[in-house]
Each structure stands twice: as structure tokens, then as C-alpha cells.
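These notes are about the structure you will find just below.
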Amino acid sequence: MSTPIINRVIQFISRSAGIVLTAEKAYFIEARLSPVVREEKAASIDELMTRAERGDRRIAQRIVDALTTNETFFFRDKTPFDHFRNIMIPELVSRRPPGKAIRIWCAACSSGQEPFSLIMLLDEMKAQLGGRNVEIHASDISEAILSKAKAGLYNQFEVQRGLPTKLLLQYFTKEGDNWKISQDVVRRVNFFKFNLLEDMRNLGTFDIVFCRNVLIYFDRPTRGKIFAQIADRLAPDGFMMLGGAESTFGVTDRFTSHPKERMIHLPLAQRAAPRIATA
Amino acid sequence: MKYCLVVDDSSVIRKVARRILEGLDFEIAEAEDGMQAMDSCSSRMPDAILLDWNMPNMDGYEFLTKLRKMSGGNRPKVVFCTTENDIGHIAKAMDSGADEYVMKPFDKEILSSKFGEVGLV
């Protein structure tokens, strides 16, 4: 995608939605707009932009939607939850004495599907936990979305994306046209408002941090700072999970990959500042 | 290529489901009710069945009960797909041998998710 087209999209989304995208997000813009190009039978992103700028409001709305959608769903992407069940929890259980709680942080929990999915998974793994207490902490920058998470109320569409029917029957009740997750599940999650740019030192130490599909909205230096803070907040043998399109590569040297699964990130101790030789 | 039987008395629903499932690499056959679906399964047992509940002649629940008693009738993954969206209907469908349950209206994401749950996507 050429620089003029990138700049055209950046200016359009800034004007339309006030969203700040930078040229280094070209991959993100292309990934989000390519399906719209195909569905609208446009020849290119350039043509899509021309149609929007000439007053096609439907296309304009589709572009805004494509570049701003920040959705979540139960057991999103499935694989991170498989790794949680098969690698992260078993490794932590083998290292932690039974009396020590395992602390998990969902750092951008949106409307709550991620922490609630973890609770449902942990219930299935109860025998493996050997009586260990597992704390689930879940934060988001938006108070509105946290209110939705705490209410645990989802529409029919939301409970059909990723959630097996047997879990729907086990954990939800019908409330009008919506579905409400058990309050026992909601109470097991500590929801709190948090901006990832804030100082994380008061949050304590976590064993697992899920920070998925949020860092794509930040520029590289900011991502580096957030990664450094998360590395500082993780136990030395803890884990970080990112979204499928996210990576620490080229952004930070504070993480390495798990030997069994490169999607799982392990914190590295902060490098000591080089000693300055003195006479 | 997996073979899926779409059973619904609405030609519109069958058409929409066919388009979505063909996009997920399924070969599709259609039936308008449970009776036609029984005939279809007798001649060729599908890998998956997307099954409506309320239909003339034989409804989805009766069809599923009979299917599971047929030779080879335990093999297809059955995904109910119906406007019935109360817990009682869903529990009844799952207890009678359905593998998953879709509440109408549905879209590609939902069908893809549900067929993924039963290991076919």
C-alpha cells in the first residue's frame, strides 16, 4: 500500500472518528480494509476511499467500523485457551505450593468474555488445581464496557460466538431476549478501570497476563513501555499472552518465547545498565 | 469435502445456510422436512446436519430421535438451527442427541463457530 493511500486513510479516519493512526499502522489498515474492498467489489483501498469521499455514507461507515471495531467473544481464538489449560496452568501448579494463589490479569477485558471464559475453563480444571485459589483480575479503560462486563448480560448473537451450548446451559439464564451469566461467575472476577499507560506498580504481581488485541492501537514506543511494565509485574516464571496478530518482536527485549509454544511470552529480568569504566 | 444436509421448511433459510456452508467447504444437500431428511440419510449418511425444529410432516426433534436409532445414525454431527430459543428447548435438543444448537437468526460467524465446536470447521 503506497504512502499517499495510507495518508488518505489516516486523514479520513481522523476526520470521521477522531482516531489517531500513524503510517506504521499500514499493516493494520490494510488487514482491516482488505475484506471491505472484497465485499464491496472495489478494485483497491484507493477506490474504496474515493467512493467514501464522494459521499457514499454507507461505505464511509464501513471504513470507520472496520478501523474501530474492538470486539471480543467467548473463547476468542481458542488456541490461547488451549495453552492456558495445557501449558500455563499445569506449569504453575507444578511450581506453586498449594496455599499460594495464582493471579491472572486480563488487561483489556472489554465486555468480560475473556475473564468469564477463563472462569469456565478453570471450573473444568478444578481437579488439576489441587485446591489452589485462582484470582482473576480484569481491567479496561472504558467504564461503560466495564459496566456491561459486571452486568454479565449478553445478547443472543454474543452467546453464540465461541461459547459451546453446554456452557450456555450450565452458566446462563434467559433474561428477556438476553442471556445473563451466573452472578457466582461475575463475583469471581475483580473488575477495575485501568489505562495501560498508567503506572502498574500498584497492581501487584501476576502469574499470567492476557493482553490481547489491544496493543495494536498503540504506537511502537508506547507498546515498548507497556511491555516493560508488564514484564515488571509478572512473576519470574509467569506468562504473557498477546493477540494473534501481536508480537514483542522488534518492540522489546523483555520477553522471550516459551520453549513449547512461541505464542506464550516469558518475562526476562531487566537488563542491568552497562557499567561505565572508571579509572 | 464434508457433506452436510440442511433441513428446513424455509427455502430462504436453506439458501442462506447453503451459501454459508459452501463457503466453509461443505458439500450441501437439502430437505424440506424430517421425512425428506430421513430418506436423504437412508441413501447417504451426511457428516453434519443443520436441523430446524418446527417443520411439517416430521419435526426436527422427531427426526433426530429416529436418526440416532438408524444404522450409522450416531455418526452425523447434528446442529439444531431454530427460532426456539428458550432454555427448555435447548436442553431438550441437547439431551436428545444434538451436538450443538443455533438460535436463529444466524450468520456466517455463528455457523462457523458452532461447526467448529463439533470439530467440522
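What follows is calculated from the coordinates using simple rules that are stated; it is not laboratory data. Keep in mind that this is a model prediction, so the values were computed, not measured. In this analysis, Cβ positions are derived from the backbone assuming ideal geometry, glycine residues included, and neighbour counts consider all displayed protein chains.
Odds and ends about this structure:
- Set of lysines with alpha-carbon distance to B:Lys15 below 21 Å, sequence-local pairs under 8 removed: B:Lys2, B:Lys77, B:Lys104, B:Lys108, B:Lys114
- Gain on full stretching of the segment that runs from B:Lys92 to B:Leu24 - 0.36 nm per residue minus C-alpha separation: 21.7 nm
- Ranking A:Val9, A:Ala60, A:Ser44 by Cα position along the charge dipole of segment A:3-68, where only Lys, Arg, Asp and Glu carry charges on their C-beta atoms, puts A:Ala60 farthest toward the positive end.
- Furthest towards positive pole of dipole, A:Leu168, A:Ser110, A:Met120, structure part segment A:94-196, Cβ charges: A:Met120
- Of the Cα atoms belonging to segment B:2-117, the radius of gyration and Dmax stand at 12.5, 34 Å.
- Cα-projected label distance for A:Arg95 with B:Met70, points at 7 Å along beta-carbon direction, nm: 5.3
- Equivalent-ellipsoid semi-axes of the protein assembly as shown, from the Cα gyration tensor, Å, largest first: 42, 30, 19
- Proximity of backbone amide H atoms, modeled 1.01 Å from N, is registered between A:Ile141 and A:Phe194 at under 5 Å, excluding neighbours fewer than 5 places apart on the same chain.
- Under the convention that each Lys and Arg Cβ holds +1 and each Asp and Glu Cβ holds -1, the size of the dipole of the protein assembly as shown around its Cα centre is about 1300 debye.
- For segment A:181-194, 3J(HN,Hα) per residue [Karplus equation, 6.51 cos²θ - 1.76 cosθ + 1.60, θ = phi - 60°, Hz, x = Gly/Pro]: 6, 3, 5, 4, 6, 4, 5, 7, 10, 8, 7, 8, 7, 7
- Take each residue in B:96-106, count the other chain C-beta atoms within 10 Å of its C-beta, and the mean is 3.
- With R₀ set to 25 Å, the beta-carbon distance separating A:Asn190 from A:Thr256 gives a calculated FRET efficiency near 0.30.
- Count, lysine Cα pairs under 19 Å in segment A:79-267, 8 or more residues apart or across chains: 10
- Using R0 = 22 Å, the C-beta based FRET efficiency linking A:Asp232 and A:Ala31 works out to 0.10.
- Efficiency of FRET between A:Ser2 and B:Met58 - r from beta-carbon atoms, R0 56 angstrom, step 0.05: 0.40
- DSSP loop trypsin sites (Lys or Arg not before Pro) with at most 14 other Cβ within 10 Å: longest gap in chain A: A:101-259
- Rounded Å value of the spacing that divides the Cα centres of segment A:145-164 and segment B:68-107: 22
- Cα-centre dipole for segment B:2-117 with unit charges at Cβ (Lys and Arg positive, Asp and Glu negative), debye to 20: 280
- Cysteines in chain A that, by Cβ-Cβ distance, have no pairing candidate under 4.7 Å: A:Cys211
- Computed magnitude of the charge dipole of segment A:3-68 (debye, nearest 20; Cβ of K, R +1, Cβ of D, E -1): 180
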